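One structure is given below, encoded as structure tokens.
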Amino acid sequence: MKPAFLITIDTEGDNLWDAPRTITTRNTSYLGRFQTLCERHGLKPTYLTNWEMANDPDFVAFGRAAIVRGTCEVGMHLHAWNSPPLVPLTADDFQHQPYLVEYPRDQIREKVRRVTDLLEEKFGVKMQSHRAGRWAFNETYARILIECGYSVDCSVTPGVSWSSFKGDPSGTGGTDYRSFPTGAYYIDPGDIRRSGPSTLLEIPMTIRPSTDPPLGRMAVRLTSRSRLATKVVRRIWPNPLWLRPNGRNRKRLLDLLERVVASGDDYVEFMLHSSEFMPGGSPTFQSDRSIEVLYADLEALFERAAALCEGMTLSGYRERYSARVAPRLAAQA
């Protein structure tokens with residue numbers, strides 16, 4: 001059985017890295033080209049969609065049409081600072097972009113419920129898949145997703161800690177995933193690092209340690225206390241490696257794909273933001289030329305992925321995973 005190739009797109013407003021006061025969704029008009037590329041290679045993206053994109057009529061029409069064709073899935077993505085109910089958490093939520101897990105439990109539940117209801121109304125399907133905004137996830141969040149009927153989460157970034165990235169300035173930062181598994185597992189709602197008795201399947205991002213030489217690994221360690229220095233060093237020696245294009249890493253993407261498939265893993269997970277398909281929609285791809293470089297990289301990666309893997313949505317992979325592990329779980333019961 002071929003491993004699944006999972007394409008996850010954080011589907012959100014334009015260039016949220018700049019913390020805009022007014023959020024626009026012009027990137028919707030650039031998604032058709034990407035969807036066509038995926039379909040040509042038999043791949044099925046999952047568009048993890050947040051509040052502003054769910055309110056964009058053009059994106060809703062685009063998503064509904066692809067759902068009817070059976071060529072995509074629409075899931076949920078939540079940015080706490082602009083998803084209702086809007087209850088201020090910091091002095092300036094648009095600037096600080098606080099993590100959902102920093103809000104009181106009742107507000108977390110209500111934000112999840114509101115965006116879920118909106119997505120299901122707009123797209124006419126049950127929401128099954130989810131990724132947390134800014135990768136911030138915890139046990140409270142997991143339990144609320146289960147209560148709301150979600151069956152897939154893909155928020156875990158194994159080997160990566162977000163603790164130095166603040167949301168609420170008085171908070172402790174994002175989630176530390178350094179001790180988390182790299183493969184899929186049913187989450188234990190009491191400890192999301194472990195497998196346990198729940199219906200929520202965690203599908204961690206495909207992230208692996210760098211195979212760079214010792215000099216690169218040493219440089220990353222020595223600059224770990226400076227975000228600026230770390231950013232510079234990791235442009236030269238990325239560590240860890242994500243299946244995520246940046247316009248300069250085609251060979252690394254292909255090598256990582258081959259490495260994961262050769263290891264016997266049963267899925268490979270790619271990610272990007274919807275705004276990264278639009279020139280100027282992100283810090284990474286600023287020009288028309290950079291977008292063409294991105295598409296050249298995607299063409300090479302997707303061509304190879306189609307040869308090695310089977311294209312699936314997140315919920316499609318969950319169905320296959322559940323069918324495979326169900327007999328083993330029954331035997332252990």
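Being over 24 Å from ARG318 (Cα atoms), at pLDDT 60 or above and over 18 Å from the mean Cα position of the chain (by Cα) is a property that SER210 has. Working only within the stretch 80-100, note down all residues that are outside any helix (DSSP H, G or I) and within 23 Å of the chain's Cα centre (by Cα). Result: SER83, PRO84, GLN97, PRO98, TYR99. Note on the stretch 277-290: residues that are outside any loop (DSSP other than H, G, I, E, B) and either among the small types (Gly, Ala, Ser) or free of Cβ contacts under 8 Å to residues at least 24 places away in the same chain (or both) amount to 3. With the structure loaded, tell me whether THR140 is of a type in the set (Ser, Thr, Tyr), closer than 26 Å to GLU12 by Cα and more than 18 Å from the chain's Cα centre (by Cα) or whether it fails that test. So THR140 passes the test.
Filtered by the rule that a residue be of a type outside the set (Lys, Arg) and surrounded by fewer than 21 Cβ atoms within 10 Å (Cβ to Cβ), the stretch 39-55 gives GLU39, HIS41, GLY42, GLU52, ASN55. Considering the conditions (1) assigned to a helix (DSSP H, G or I); (2) among the aliphatic types (A, V, I, L, M); (3) in contact with a Lys or Arg (Cβ under 7 Å, 6 or more places away or on another chain), LEU253 is excluded by exactly one of them, (3).
Just one residue in the set PRO104, PRO98 is more than 16 Å from PRO189 (Cα to Cα), in contact (Cβ under 8 Å) with a residue 60 or more places away in the chain and either hydroxyl-bearing (Ser, Thr, Tyr) or in the same structural domain as ILE9 (by TED's automatic domain parsing) (or both); that residue is PRO98. None of GLY280, GLY264, GLY247, GLY316 is small (Gly, Ala, Ser), crowded, with 18+ Cβ neighbours inside 10 Å, modelled with pLDDT of 95 or more and in the same structural domain as ASN15 (by TED's automatic domain parsing) except GLY316.
Taking the criterion of being under 17 Å from the mean Cα position of the chain (by Cα) and either modelled with pLDDT under 95 or among the hydrophobic types (A, V, I, L, M, F, W, C) (or both), the residues of the stretch 193-207 that qualify are LEU200, LEU201, ILE203, MET205, ILE207. Of the residues in the stretch 117-129, at least one is in contact (Cβ under 8 Å) with a residue 24 or more places away in the chain, surrounded by 22 or more Cβ atoms within 10 Å (Cβ to Cβ) and among the aliphatic types (A, V, I, L, M).
Taking the stretch 157-204 as the range and being under 25 Å from THR90 (Cα atoms), of a type in the set (Ser, Thr, Tyr) and surrounded by fewer than 18 Cβ atoms within 10 Å (Cβ to Cβ) as the test, the residues that pass are SER161, SER163, SER164, SER170, THR172.
The values are calculated or read from the model by the stated rules, or taken from the named source; none is laboratory data. Just so you know, these numbers come straight off a predicted model, no measurement behind them. Positions of Cβ are generated from backbone atoms using ideal geometry, with glycine treated the same way; all protein chains shown enter the neighbour counts.
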